[in-house]
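Heads up: the structure comes next, in structure tokens.
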Amino acid sequence: MSVIDEYIRTCPESIRATLQLLKNIISQEAPGAIEKISYGMPTFYLKENLVHFAAAKRHIGFYPTPSGVTVFKSELGAYKHSKGAIQFPLDKPLPEDLIRRIVGFRVREVVEKHLQGRE
């Protein structure tokens, strides 16, 4: 069992399936990423922190770094968001396509950054 699976296991049963879906989406879009816990949150790491997520009382926090929010800001109108965070309400389905595109963007951004030596 991975550290992220363990995190999900400790969350309320009512949100575990949603958290598992989010984890699966991220894993599919970032297959080379390492799973870890950072800042107390499930984190996918690819040469640097790629994205984080966390369970809250009424939402799932998704943290794709400020660039991941900025690039997709025009599509985030339905969600509370800030500089580096997006809140997905628990009473609505996850926006799977949007999450896939954000994670894909972050993977490309990180790979390009490290290929160019801007570590």
Whichever residue in region 24-39 is part of a helix (DSSP H, G or I) and free of Cβ contacts under 8 Å to residues at least 24 places away in the same chain and, among such residues, is nearest to Arg106 (Cα to Cα): Ser27
Residues being surrounded by fewer than 16 Cβ atoms within 10 Å (Cβ to Cβ) and under 24 Å from Ile34 (Cβ atoms) - total across region 85-119: 13
Residue match in region 51-73 (condition: in contact with a helix residue (DSSP H, G or I) (Cβ under 8 Å, 6 or more places away or on another chain), among the β-branched types (Val, Ile, Thr) and surrounded by fewer than 19 Cβ atoms within 10 Å (Cβ to Cβ)): yes
Single residue of region 1-17 satisfying the filter (within 18 Å of Glu35 (Cα to Cα) and in contact with a strand residue (DSSP E or B) (Cβ under 7 Å, 6 or more places away or on another chain)) that is surrounded by the most Cβ atoms within 10 Å (Cβ to Cβ): Ile4
Region 34-75, residues that are under 10 Å from the mean Cα position of the chain (by Cα) and on the phi > 0 side of the Ramachandran plot: Thr65
Set Ile99, Ile60: member being out of contact with any Pro (no Cβ under 7 Å at 6 or more places or on another chain), closer than 21 Å to Thr18 by Cα and part of a helix (DSSP H, G or I): Ile99
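A short reminder: the numbers here are calculations on the coordinates, not readings from a lab. For clarity, every value in this text was computed on a predicted model and none was experimentally measured. Positions of Cβ are backbone-derived with ideal geometry, glycine not excepted, and every protein chain shown enters the neighbour counts.
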